[in-house]
Amino acid sequence: MKYKLRTYFYNTTQKDWFWQISLIPSLWITRNKQNFIETGVCADCWIFSINFLVWDFGIKLEQDYE
């Protein structure tokens with residue numbers, strides 16, 4: 001089983017309809033299972049992120065199926 005490490009950086013606001021503001025920096029650890037119906041494979045994904053003001057940035061650790 002192979003894992004892929006990715007970084008990401010998002011703005012948590014979208015024009016006219018969504019705002020998310022974090023006044024105190026917060027750390028989030030999320031586990032997500034992704035199901036791929038076409039192949040019948042279930043992939044594991046861990047996300048370590050920090051939210052502050054209107055930014056969300058962190059690291060994704062995803063299973064890599066080649």
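Values in this text are rule-based calculations from the coordinates and carry no lab data. In this text the structure is predicted, and so the values were computed from the model without any measurement. Note that each Cβ is placed from the backbone with ideal geometry, even for glycine, and that neighbours are counted across all protein chains shown.
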Completion exercise
Counted neighbours (other Cβ, 10 Å), sorted fewest up, put LYS2, LYS60 in the order LYS2, LYS60
Practice task
Could you work out the per residue convex hull volume over the alpha carbons of region 2-64, in cubic angstrom?
Solution key: 97
Practice task
Determine which lysines satisfy two conditions relative to LYS4: a Cα distance under 17 Å, and not lying fewer than 8 residues away in the same chain.
Solution key: LYS33, LYS60
Practice task
Using label points projected 7 Å from each Cα along Cα→Cβ, tell me how many nm separate SER26 and THR7, to one decimal.
Solution key: 2.4
